[in-house]
Structures are given as C-alpha cells and as structure tokens.
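None of the figures in this text is laboratory data; all of them are computed from the coordinates on show. Values in this document were obtained by computation on a predicted structure and should not be read as measured data. Note that we place each Cβ from the backbone using ideal geometry, even for glycine, and neighbour counts take in every protein chain shown.
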Amino acid sequence: MRLLLMGPPGAGKGTQAQIVSGSLGIPHISTGDIFRLNVGQGTPLGIEAKRYMDAGEYVPDDVTNAMVRDRIGQPDCANGFLLDGFPRTVEQVGELDAMLREAGWSLDYVVELTVDIDEVVGRLVKRAADQGRTDDSEEVIRRRLEVYSLQTAPLIELYGARGILRQVDGMGAVEEVAARLRAAIGIDH
Ligand code: AMP
C-alpha cells in the first residue's frame, strides 16, 4: 500500500502515521523527522533546513524533493510506504508523480486528518513545552498554519479530483482516530 497522510501542523499526523505504518508493515517516511535528524547531527542538509524550519517556512522544494527521491528508492520501500508531510506544495506533487511514474507505482490513498484549528494551536503550544521544539513558539506556530493554508491546503482539492482522497476526523482519542483511519482505507487490523 502506498499512502500519503495530510493535515495541518498539530493534527496528529506523526502519531497516526506510526500506528498505521506499523499495522501495514510499511516504512513511515516523515520529511519533518528526516530534517530534524539532520539538524540534530549537524549535517549540511540539516544546517540548511534549520533556517527555514525555525521560521515556520518550508524547506525549498529542490532540497526536499531530492531527499524524498533518495528515501523512496531504498529497498524497504519496494512494497509500499506511508508518506507523512510530503508533498506539501503543488510542485512537490508534480515531483512525486514523476517519481512514482518512473517506478511504475501509484498512490492508493491520500488521507486528510481534519481538525479544529483552535485545538491544533493548543496541541502545538503544549508540544513545544514538552519537547522544546524551536519551531513551536506561538509566532512560528501561526506562520506554520498560514503556510499550510496557503501552500498545502490546495493539494486537498487536487487529490480529491483524482478520487483517492479520504477525509478522516482527527479529533478525539488516538485510538478512535486510528480506527476511523483504518476504516477509511479498508484495513481491519
Ligand atoms: P513536520 O514535522 O512535518 O511538521 O515538519 C517540520 C518542518 O520541516 C516544516 O515546518 C518544514 O519547515 C519542514 N518540512 C517538512 N516537510 C516538508 C516538505 N514536504 N516541504 C518543505 N518543508 C518541509
């Protein structure tokens, strides 16, 4: 199964992605996690990405696309994967389409986790306190939500038109949301 999980920052994408990829036995590919790993290790990619992440902006498409191309070309992705946080721009959609086409693959589903925006801000503020993330100050949170609605929300319509979009209510307990998500993509475990 090849899946894509979308939703605004704080929608619970990472948590749900981990649960669903675990049930399906496919790798969970989070571009945010890969960037954070590189930031932590001080690699050139991490040094470049941090500037954008700390401001709540997107890392440039060419950098992000190359990173994803490399990741989905790894052997563990041959039987499927779950993309979390990519694509986030129309240009990234075009690149992903090209990568999939070259491999003879296609996406089975795009899942959008829908949430209440006030609830999301609350979750992000709490996560900032818990994890000490430098991209979770209130000002940066607002910018990240703004960038999402400007650059990423249009992708929902795009995938909707392709008939592979499934919208899942992301509010409520983690297990409740996971159950809705499984039902939406037709898996029963
Ligand atoms: P996330 O953990 O998915 O919210 O990602 C954290 C940050 O990493 C984002 O705010 C962006 O700065 C960067 N990032 C993650 N995925 C992408 C992407 N697909 N395109 C550009 N920037 C990204």
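For the chain, calculate the relative contact order in percent as a whole number, restricting contacts to Cα pairs under 8 Å that are 6 or more residues apart. Please list the in-between numbers first.
On the way: 250 pairs, mean separation 61.5, N = 189.
Rounded, it is 33 percent for the chain.
For residue 2, the residues 5 or more places off, or on other chains, whose built amide H falls under 5 Å of its own are 81, 108, 109. Which residue, 58, 159, 38, has the largest displacement toward the positive end of the dipole of the chain when charges sit on each Cβ (Lys, Arg +1; Asp, Glu -1)? Result: 38.
Can you quote the Å³ per residue value for the convex hull of the Cα atoms in the chain, rounded to an integer?
In the chain, the Cα hull volume divided by residue count equals 115 Å³.
Just to be sure I understand the curve: with the Debye formula and one point per C-alpha of the stretch 100-185, what is log10 I(q)/I(0) at q = 0.18 Å⁻¹? Values returned for q = 0.18 Å⁻¹ are -0.97.
Peptide packing for 88-95, 26-33 was compared via the average number of neighbouring C-beta atoms within 10 Å per residue; ordered from the highest value, the list is 26-33, 88-95. Summing Cβ point charges (Lys, Arg +1; Asp, Glu -1) relative to the Cα centre of the chain gives a dipole of roughly 220 debye. If I take all pairs of Cα atoms in the stretch 56-152, what percentage of them are more than 20 Å from each other? Looking at the stretch 56-152, the distances longer than 20 Å represent 48 percent of pairs.
Relative to the 2.2 N^0.38 Å rule of thumb, the stretch 14-66 has a C-alpha radius of gyration ratio of 1.28.
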